[in-house]
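Engineer: I have a structure here, written as structure tokens, and I will follow up with some questions on it.
What follows is calculated from the coordinates using simple rules that are stated; it is not laboratory data. Remember, predicted model here, so these are calculated numbers, not experimental data. Don't worry about glycine lacking a Cβ; one is built from the backbone with ideal geometry, like all the others, and counts go over all protein chains shown.
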Amino acid sequence: MLIKSKNSTFIPSSEITPKSTYLNRREFLRNAGFAGAASFGAGALGELAFPDRAQAAGNPSGKIEGVQKSPLSTTGEKLNSLKDISNYNNYYEFSTDKYEPADLAKNFKTRPWTVSIDGLVKKPKIYDIDAILKMAAPEERVYRHRCVEGWSMVMPWIGFPISALIKQVDVLPKAGFVKFTTLLDTQQMPGARRPVLDWPYTEGLRMDEAMHPLAIFTFGLYGEVLPNQNGAPLRITVPWKYGFKSGKAITKITFSERQPSTAWNSSAPNEYGFYSNVNPNVDHPRWSQKTERRLGEFFKRPTLMFNGYGDQVASLYNGMDLKKNF
Ligand SMILES: Nc1nc2c(c(=O)[nH]1)N[C@H]1C(S)=C(S)[C@@H](COP(=O)(O)O)O[C@H]1N2
Ligand SMILES: [Mo]
């Protein structure tokens with residue numbers, strides 16, 4: 001199957017979405033060799049050296065102070081290692097390969113950086129990123145992440161609820177949706193020179209989804225500033241949805257009355273719905289979503305409805321046909 005972009009360039013779907021063969025030889029060997037690696041606790045991981053952490057001049061790096069552990073964290077599951085989380089990435093502006101973004105993003109400039117807030121707000125305004133990051137106290141949130149491609153991880157993010165920002169920017173009552181637009185900089189992002197998606201990468205949420213306490217802005221990981229390849233300086237994380245809803249390198253937040261267009265949904269609307277809630281009962285047209293492989297594990301595990309967050313979020317979708325609104 002081929003996906004056609006607006007520029008009429010055909011890209012093999014294998015490049016867009018690897019199938020179950022995503023466990024390539026390199027990763028397979030790594031997982032087999034480090035079967036015991038998952039037993040490292042967060043403490044041990046913190047002491048390892050991670051050269052891929054953002055180090056370039058102009059990029060803040062290092063520890064985030066005053067992080068409170070959130071009671072909304074997922075508990076009882078092994079964390080994936082920082083090494084896995086920061087070396088197995090989907091970040092098409094850099095590369096469609098999973099391993100390349102770590103290196104290609106190492107000099108990515110996350111300062112100066114601004115985030116514009118516009119659309120249905122009383123006063124549209126451009127904020128400095130550091131003003132945004134001060135809008136609420138940083139919390140550690142351990143979340144499951146389920147990629148639409150069939151793999152998953154558990155990561156200790158640092159961030160704050162999207163609702164905390166929404167409450168500070170005077171959103172007009174008729175706003176029903178929020179759109180997140182991310183950076184398009186072909187100088188710094190080699191993958192964005194190719195028409196893989198309609199750049200810039202965009203994502204969106206319904207207002208009540210964005211206001212849900214589990215939906216967060218993320219700027220840290222494992223106690224430190226977010227690695228560039230994971231979306232520095234600012235991304236969103238919406239743990240009951242497939243991973244592609246979590247736009248990286250956000251530069252604009254737009255409130256609207258009607259459902260916004262989003263990059264994956266406009267590239268292949270029959271494959272990637274606007275809602276994209278994790279749902280084992282709705283197959284992707286090209287593969288089943290019933291199971292997933294947790295990075296570092298050999299056997300697949302069943303995928304949970306709403307990625308296991310159903311108790312908290314199912315009521316957002318009362319009365320909706322989730323097969324239609326996938
Ligand atoms: N800007 C941007 N954001 C993005 C993507 C992307 O290609 N570009 N990929 C998405 C997909 S498909 C996934 S699974 C997650 C991966 O996040 P991670 O690399 O931190 O695990 O980022 C999402 N956000
Ligand atoms: Mo993904």
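Engineer: Take E77, project a point 7 Å from its Cα along the Cβ direction, then tell me which residues of the stretch 134-164 have their backbone nitrogen under 11 Å from it.
Structural biologist: What the label zone holds, given the 11 Å backbone N cut-off, is 142-147, 152-156.
Engineer: Using amide H atoms built 1.01 Å from N in the peptide plane, name the residues 5+ places from H284, or on other chains, whose amide H lies under 5 Å from its own.
Structural biologist: HN-HN under 5 Å from H284: Q289.
Engineer: Excluding L165 itself, what net charge comes from residues whose Cβ is under 15 Å from its Cβ, given Lys and Arg +1 and Asp and Glu -1?
Structural biologist: The answer is +2.
Engineer: Calculated FRET efficiency, K63 and S163, Cβ-Cβ r, R0 25 Å, to nearest 0.05?
Structural biologist: Rounded to the nearest 0.05, the efficiency is 0.45.
Engineer: Here is a further query. Name the trypsin sites (Lys or Arg not before Pro) in the stretch 235-326 that are in a loop by DSSP and that have at most 16 other C-beta atoms within 10 Å, would you?
Structural biologist: R258, R286, K290, K300, K323, K324
Engineer: Further, regarding this structure: Hey, rough spin-label estimate for L172 and D321, points 7 angstrom out along Cα→Cβ, what's it come to in nanometres?
Structural biologist: Simple spin-label model gives 3.3 nm for this pair.
Engineer: Count charges around T202 for me, please; just the other residues with Cβ under 10 Å from its Cβ, Lys/Arg as +1, Asp/Glu as -1.
Structural biologist: 0
Engineer: Taking 0.36 nm per residue of separation and subtracting the Cα-Cα distance, what length does fully extending D97 through F298 add?
Structural biologist: 70.2 nm
Engineer: List the trypsin sites (Lys or Arg not before Pro) within the stretch 169-210 that DSSP assigns to loop and that have no more than 12 neighbouring Cβ atoms inside 10 Å.
Structural biologist: K174
Engineer: Related question: Obtain the radius of gyration and the Kirkwood radius of the stretch 73-317 from its C-alpha atoms and give Rg over Rh.
Structural biologist: When Rh is taken as the Kirkwood radius, the ratio is 0.93.
Engineer: Is the stretch 193-290 rounded, prolate or oblate when judged by the Cα gyration tensor, a ≥ b ≥ c being the square roots of its eigenvalues, rounded requiring a/c under 1.5 and prolate requiring a/b larger than b/c?
Structural biologist: Rounded.
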